[in-house]
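Just so it is clear, none of the values below were taken in a lab; they were calculated from the coordinates. Note that this is a predicted model, so its numbers are computed, not measured. Counting neighbours? That spans all protein chains shown, and the Cβs are built from the backbone with ideal geometry, glycine included.
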């Protein structure tokens, strides 16, 4: 009669590949990617209005996030967190090492959220330890965000190459 509702959100990304792999759900894979992309897009659009001097940066990050994940999902014919053995070594490490994957995903989202919070109170301190939130944002979360976006560039390049190689193979086969 009652069902247990599991907590959801970006921080569950580390467990998602296991859940998707064990259920084999295409719907779940697409839902995971769409919700991840939409939540990131929402944050980046809001940040582009709060920090208009960085609007182009946020828009480029949004475009990179959407295009790299869409290309990768299309080229892998399945979940965007699945990487073939012949693909880029950085992608294999990123998706294969869950602690690193989690650091990048959670750190990136936390970076965006902290930028939002810091817009309204740049002097905010972390309770009990009295460390400025700005230090957490720039020393911990910014490196995660940079790593994730470097991975997004590798993901886009690898997937675009794979799609182009498939087109060439199909064209050669048709001859």
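Some points to look at:
- Any hit, region 149-160, residues being part of a helix (DSSP H, G or I) and over 21 Å from residue 60 (Cβ atoms): no
- In region 101-135, residue surrounded by the fewest Cβ atoms within 10 Å (Cβ to Cβ) [restricted to those that are free of Cβ contacts under 8 Å to residues at least 24 places away in the same chain and part of a helix (DSSP H, G or I)]: 120
Each row is one residue, and each column tells you yes or no for (1) closer than 18 Å to residue 102 by Cα; (2) more than 23 Å from the chain's Cα centre (by Cα).
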site	(1), (2)
122	no, yes
126	no, yes
134	no, no
139	yes, no
146	yes, no
149	yes, no
157	no, no
160	no, no
165	no, yes
